[in-house]
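The values are calculated or read from the model by the stated rules, or taken from the named source; none is laboratory data. Just so we're clear, the structure is a prediction, and the values are computed from it rather than from any experiment. Methodologically, a virtual Cβ is constructed for each residue, glycine included, from the backbone with ideal geometry; neighbour enumeration extends over all protein chains shown. These area figures cover heavy atoms from the full protein model, side chains too; ligands, DNA and RNA do not enter into them. Shrake-Rupley method; radii C 1.70, N 1.55, O 1.52, S 1.80 Å.
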Amino acid sequence: MEQSLEDNVLPQGTPDSFLLGALAHTHLQDCYQCGKCTAGCPVAVRMDLAPNQLIRLLQLDDSETALRSSTIWECVSCQTCSARCPKSVDCAGVMDVLREASLAQHKAAKPQHAVVAFQKAFLDNIRRNGRLAELELIGLYKADVVWNTGRIGVLFKDAGLAPQLNKRKKLHLLPEKAKDRGVVERIFARCSARCSEPEKK
Amino acid sequence: MSKIGVFTCWCGENIARTVDVDEVAKRVAGFPGVVCSLNYKYMCSDPGQAMVREKIASEKLDGIVVASCSPHMHLKTFRKAAQTAGLNPYLVEMANIREQCSWVHHDKPSATAKAIDIIRLSVAKVRNDVPLRPIQVPVTRRALVIGGGVAGIQAALDIADAGHEVVMVEREPSIGGKMAGLSETFPTLDCSQCILTPRMVEVGQHPRIKLYSYSEVEAVDGFVGNFKIKIRQKARYVDVSKCTGCGDCWSVCPLKKNPSEFDYGMGMRPAIYIPFPQAVPARPVIDKKVCAKLIRNGCGLCEKKCKAGAIDFKDEDRVVEESVGCIVVATGYKLYNIAKEQPKASLAGYGEYGYGKYKDVIDSLQFERLISASGPTGGVFKRPSDGAIPKNVVFISCVGSRDNAKGMPYCSKICCMYTAKHTMLYKHKVHDGQAHVFYMDIRAGGKGYDEFVRRAIEQDGARYYRGRVSKITQENGKLIVRGADTLAGTPVEIEADLVVLASAMRPADGVEELAQKLNIGYDEFGFLMESHPKLRPVETNTGGVFIAGACQAPKDIPEAVAQASAAASKVQVMLAADELTREPEIAAINEQTCAACYTCLHTCPYHAIERAEVRTGRGVFIKNTARVNAGLCMGCGTCVSVCPSKSADLQGFSEQQIYAMVESLV
Amino acid sequence: MNIGYYPGCALHGSSNDYEQSLRACLGLLDVQLQEIKDWICCGATAAHSLNHKLSLALPARNLALAERDGHKQLFAPCPLCSMQLLKVQKAIAGNGARGELAQIVEADLRGDSQVLNLIQVFQNIGLDRLKAAVKIPQKEITAACYYGCLLTRPPDVTHFDDFEQPTSMEAVVAATGAKTVDWNYKTECCGAGMTMANEDTVLDLAHKILSNAAAHGANCIVVACPMCHVNLDMKQEAVNRRYGKKHGKKLGMVVYYLSDLVGLALGISAEQLGIDRHFVTKA
Ligand SMILES: Cc1cc2nc3c(=O)[nH]c(=O)nc-3n(C[C@H](O)[C@H](O)[C@H](O)COP(=O)(O)OP(=O)(O)OC[C@H]3O[C@@H](n4cnc5c(N)ncnc54)[C@H](O)[C@@H]3O)c2cc1C
Ligand code: SF4
Ligand code: SF4
Ligand code: SF4
Ligand code: SF4
Ligand code: SF4
């Protein structure tokens, strides 16, 4: 039987037709473990599982390990793996699916909290403003990291950049916001943004 | 026809399990014309056949139906039985109640009913059968071999040694094919040229082989036993009959820096050249695209120098015609072009490997020339860019093979072996060098093959990494190869001095056009199609045309040679007699009613219809007509369906028979 | 020439020097950028990482707005934005997502406008025209053209240039009279949106890119992406702090937006182009 992302990986509940559509051309069993994805990945050395190993686990129905890996959060979505895969497996697309599922199932690797927090903060930010408010994003993101990991140092990281940015007129204390923020809210609601689902305790 | 015998077979349990054979025999006995209806456990067995023969004789049957398996299995058997009993073999029909009935149904009553209906059809058909005679076609007892690689050479020598004349057409200036350029060959590491060139010389000197080198097949006409071949001899600008091969011309030619085709661009040759010293024929050609005389009427030195007066700048292409009875196609292969630019949009090339951009990224055939004792570097292994001796060489397998995204989905079968060979040859030349191989699987099935690969790893120290390479770049004169080791689960980066890409095997250029001329099939990749992958591996679907070597699929030398000998033996069978027997189930045209509209002529896929005239015994012209060439017609029936005057019919499958069959059911 | 313009958040945030450069440069070439009214953030990396549907819906809204404004062409100077817009078009063409997307974003959606990146805008202007307009040939410049990931990848979405060995940016740079180098990190990733969240990765990748450009003799890097600029320019100081010791020297690699270089060649001042607001201004 063909292993499918739909059965093993996607967030529980109704499978999302958009996600499935995006991966319609990716059949996990096509992967013959050549490793070309890993060979070209700029961050493979940082990952706990090489990209080809991640695909292998999915072939073996072990989505659990995949969803808890650091790999999916180390991935920088550069698309190199997908562009060069001789079997047209969209490895970068699989990473996206895994991230979404990992978050929805509260399985994101703890050491990767910074990345997760940043992405979540980013989405929260645009949900509220319609457009990105950089300062607010940084503030909330740092607060989240300190709160969840206790890494106080993050507060002072890049602190020196602020005056530098300001000098170059790159800081906007009053960021622009989209006029029609209602529609943004509604779009988010319709896409049932899972990123802000509260964790079940 | 009124005396029909029906013989229903049980095929052991195969038929009898789902078809009630007694019931069948009983019901069939009542069909019009049927005078005897029997069943038996194994009709094809000796007692079964004896029963058929006996009944034909005793009942004076004038037609029989054997209800059993597919005619593919046993039609020949029962025709022969009928013939021995004195019945025309074409008055035998088979009703397939096994593949088309018992094997595909479960319910006995309905399967039995269906079997009865199938036999009903066959009885209706056999009642309208007429006796036919096999067709005798005269045979031209000569063969054509297209392609003078090792496969073509083997086939030509086998056929010629058996006593038949052979015409060989090779499009390059010399025969020898790829093998002539290989260094040493797996799995024994014997020198390729040492074993091939004596065979090439044999071809060149064989009294029964007529060699057209630097020639191509222009047109093919005719049919099995009687082909007419038009051969284009490309202008060589050297009169081969006068030339002594002394070499004065190519030593004097001032234009010495043209990339040599034989060395795949790794070496240079003059404008007038022989591809390699052992070429057959050892006669030069002038490259008209570079010769100063031919381009702008300059130079002319070779003509002055040639004592034999063999240079002929006025030479032109010539088309000659040859008659042959059989054809062996042995056009071989070429390598997948790894460079960015591709002939077809579906092939994307491998920009990430920088082939064509970095001089020290070469393909496997180029490597063969560099490592060859007779190669452009005179046996010293030097890399193309700066002539340095490479200390780290990376070999990459499966480039363009097993790649659905931008290469060929198939495995090229031989590259695992020659890559192992390459690492050994390299190590034997550069003792302190290190060979690295990126591979996905090692495919080394064959006598002594896996041992050979293990030797490369265990004794000659080749380092194998299981993984593909993602990218090659150049940094400070080193090629940076970024691959993966999936066994260790990590990326691997190697600084190499030379990279060799084991590029996929593809059919030779122009093979599709050639196949169309010969009316033979090819697969989606251009490899020529055998008639049956297991049972008829060297035949094609066109009578008298055979295939051998890498034109059929990727192959190594032993396989190419074996297949060539197989094709040659098929040719010998055909050429053994003056005449050839063909089945008579072909089209015939009623010349009286034919309106000479020639619709059939234009639609026949086998070009089997000719224009002809009907004349009286004394030769007085009566009318025009279409006529079927019995040697070419394949009995497809297309003409029958298009003929507006209903003058075309198929013998053994006449319209009358088909109608009778349909009527019997309604 | 008027074209629809989707700046994206970066160009209205800390990459506003890119917008300044674009307006100055393209304005002089008679290209008027008509900003889509009420555009919203395309969701960037966060959306495609965490919520695929959202990653299509947000840009779909912008596509719809551009169509509403009657733009046949939509220029998105950020390759991530333009790639996401193209992804929406692909989803509409491929699996009939149009209806559902239109509903989600509360607007009609045809998906037939032509999405352009900066290189394509220059190609449309015409390189000959560009050459003719050059006032100050950039002879001193030897550029390493840096495409990063998303101008060319994923190839079945972007359909732009050769994704292994692209050359389209070199052609534009050559039109300014500058030289280009052949180097190895043209299409390698700089870490993109990980600037904040995974600085380690970004510094590592940026360092490789910067030093490779230098090793191949470039005196500047040319980009067509706000994120690449942030990672190579703003982060260069941090790269130097971390890797400078290893090299024994600091990298001082000016990073230009492609429009900077064209602008300079057209005779626009560095200040007008906002080049003075970069972090690294002198080699
Ligand atoms: C790098 C490399 C190393 C190899 N090493 C080994 C090895 O060590 N051992 C081994 O067993 N095998 C080896 N092989 C495989 C070997 O080359 C082939 O098995 C063998 O050459 C096949 O012979 P062939 O006659 O079928 O084809 P070819 O050698 O390709 O010969 C075909 C001939 O037909 C001619 N031709 C093509 N089209 C036409 C046309 N239309 N009209 C007229 N003539 C035409 C060509 O010019 C050529 O002369 C190697 C292959 C490669 C690529
Ligand atoms: S490149 Fe493709 S086929 Fe190869 S291991 Fe990665 S996903 Fe599998
Ligand atoms: S998309 Fe992710 S996994 Fe793929 S090569 Fe880039 S970083 Fe690696
Ligand atoms: S005439 Fe042509 S082939 Fe002869 S020597 Fe001159 S260049 Fe060479
Ligand atoms: S023979 Fe080996 S190298 Fe060649 S395609 Fe097959 S597996 Fe790959
Ligand atoms: S039966 Fe087929 S092959 Fe024979 S003449 Fe008619 S069309 Fe041609």
Would you check which residues across the range A:113-139 are surrounded by 23 or more Cβ atoms within 10 Å (Cβ to Cβ), over 19 Å from the mean Cα position of the chain (by Cα) and more than 10 Å from C:Gly43 (Cα to Cα) and list them?
-> A:Ala133
Result of the Cβ filter at 7 Å on the range B:397-411, keeping first residues that are within 7 Å of chain A (Cβ to nearest Cβ) and within 14 Å of A:Cys85 (Cβ to Cβ) and partners that are within 16 Å of ligand 6 (Cβ to nearest atom) and open to solvent by 10 Å² or more (accessible area, probe 1.4 Å), at least 6 apart or interchain, is none
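Among the residues of the range A:61-87, write down those that are of a type in the set (Gly, Ala, Ser), within 14 Å of ligand 3 (Cβ to nearest atom) and over 13 Å from C:Ser49 (Cβ atoms). It would help to see each step written out before you state the result.
Step one: of the range A:61-87, the residues of a type in the set (Gly, Ala, Ser) are A:63, A:66, A:69-70, A:77, A:82-83.
Subset that is within 14 Å of ligand 3 (Cβ to nearest atom): A:66, A:69-70, A:77, A:82-83.
Once the filter is applied, which keeps residues that are of a type in the set (Gly, Ala, Ser), within 14 Å of ligand 3 (Cβ to nearest atom) and over 13 Å from C:Ser49 (Cβ atoms), the range A:61-87 yields A:Ala66, A:Ser69, A:Ser70, A:Ser82, A:Ala83.
Take the residues in the range A:55-75 that are in a loop (DSSP other than H, G, I, E, B) and open to solvent by 10 Å² or more (accessible area, probe 1.4 Å); name whichever of them is nearest to ligand 4 (Cβ to nearest atom).
Within the range A:55-75, the subset in a loop (DSSP other than H, G, I, E, B) is A:60-62, A:68-70, A:75.
Pick out the ones that are also open to solvent by 10 Å² or more (accessible area, probe 1.4 Å) and you get A:60-62, A:68, A:70, A:75.
Details: A:Leu60: 65, A:Asp61: 69, A:Asp62: 68, A:Arg68: 72, A:Ser70: 66, A:Cys75: 60 Å.
Here the answer is A:Cys75.
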Scan the range A:101-131 residue by residue and report those that are within 21 Å of C:Thr201 (Cβ to Cβ) and of a type outside the set (Gly, Ala, Ser).
-> A:Leu103, A:Lys110, A:Pro111, A:Gln112, A:His113, A:Val115, A:Val116, A:Phe118, A:Gln119, A:Lys120, A:Phe122, A:Leu123
(1) more than 9 Å from ligand 2 (Cβ to nearest atom); (2) modelled with pLDDT of 90 or more; (3) of a type in the set (S, T, N, Q): which one isn't true of A:Gln105, the others all being true?
-> (2)
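Could you check the range B:625-640 and list, in sequence order, the residues that are more than 8 Å from ligand 6 (Cβ to nearest atom), modelled with pLDDT of 95 or more and of a type outside the set (Val, Ile, Thr)? Talk me through it step by step, then tell me what you get.
Start the filter on the range B:625-640 by keeping residues that are more than 8 Å from ligand 6 (Cβ to nearest atom), which leaves B:625-627, B:630-631.
Then drop every residue that is not modelled with pLDDT of 95 or more, which leaves B:625-627.
If the condition is that a residue be more than 8 Å from ligand 6 (Cβ to nearest atom), modelled with pLDDT of 95 or more and of a type outside the set (Val, Ile, Thr), then B:Ala626, B:Arg627 are the ones that fit.
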In the range A:28-46, which residues are facing chain B (nearest Cβ under 10 Å) and open to solvent by 20 Å² or more (accessible area, probe 1.4 Å)?
-> A:Asp30, A:Tyr32, A:Gln33, A:Cys37, A:Cys41, A:Val45
Flag for B:Lys413 being open to solvent by 40 Å² or more (accessible area, probe 1.4 Å) and either more than 16 Å from ligand 4 (Cβ to nearest atom) or modelled with pLDDT of 95 or more (or both) | yes
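Tell me, which helices (runs of 4 or more DSSP H) lie completely within the range C:41-127 with 1 or more residues that are open to solvent by less than 10 Å² (accessible area, probe 1.4 Å) and over 26 Å from C:Asp260 (Cα atoms)? Reasoning before the result, please.
Numbers: elements: C:44-50, C:52-68, C:79-95, C:98-105, C:118-125.
Of the helices (runs of 4 or more DSSP H) lying wholly inside the range C:41-127, those with at least 1 residues that are open to solvent by less than 10 Å² (accessible area, probe 1.4 Å) and over 26 Å from C:Asp260 (Cα atoms) span C:44-50, C:52-68, C:79-95, C:98-105.
Scan the strands (runs of 3 or more DSSP E) fully inside the range B:499-609 and keep the ones with 1 or more residues being over 30 Å from B:Val394 (Cβ atoms), open to solvent by less than 60 Å² (accessible area, probe 1.4 Å) and out of contact with any Pro (no Cβ under 9 Å at 6 or more places or on another chain).
On the way: elements: B:505-507, B:545-547, B:579-582, B:587-589.
Ranges flagged: B:545-547, B:587-589.
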Residue by residue through the range B:158-176, note down the ones that are within 14 Å of ligand 1 (Cβ to nearest atom), of a type outside the set (Val, Ile, Thr) and part of a strand (DSSP E or B).
-> B:Met168
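Return the residues of the range B:17-31 that are touching a residue at least 12 places away in the same chain (Cβ under 8 Å) and of a type outside the set (Lys, Arg); say none if nothing qualifies. Don't jump to the end; show me each part of the working.
Restricting attention to the range B:17-31, the residues satisfying the condition of being touching a residue at least 12 places away in the same chain (Cβ under 8 Å) are B:17-25, B:27-29, B:31.
Hits for the range B:17-31 are B:Thr18, B:Val19, B:Asp20, B:Val21, B:Asp22, B:Glu23, B:Val24, B:Ala25, B:Val28, B:Ala29, B:Phe31.
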Cβ pairs under 7 Å, 6+ apart or interchain, first in the range B:450-473 and within 20 Å of B:His431 (Cβ to Cβ), second among the charged types (D, E, K, R), ordered by first then second residue, are B:Asp460/B:Lys427; B:Gly461/B:Lys427
Selection count, the range B:36-63, where residues are in contact with a helix residue (DSSP H, G or I) (Cβ under 8 Å, 6 or more places away or on another chain) and under 30 Å from B:His532 (Cα atoms) | 4
The correct count of residues that are open to solvent by 20 Å² or more (accessible area, probe 1.4 Å) and under 13 Å from B:Gly5 (Cα atoms) in the range B:35-48 is 4
A:Cys37 passes all but one of (1) in a loop (DSSP other than H, G, I, E, B); (2) within 11 Å of ligand 2 (Cβ to nearest atom); which number fails?
-> (1)
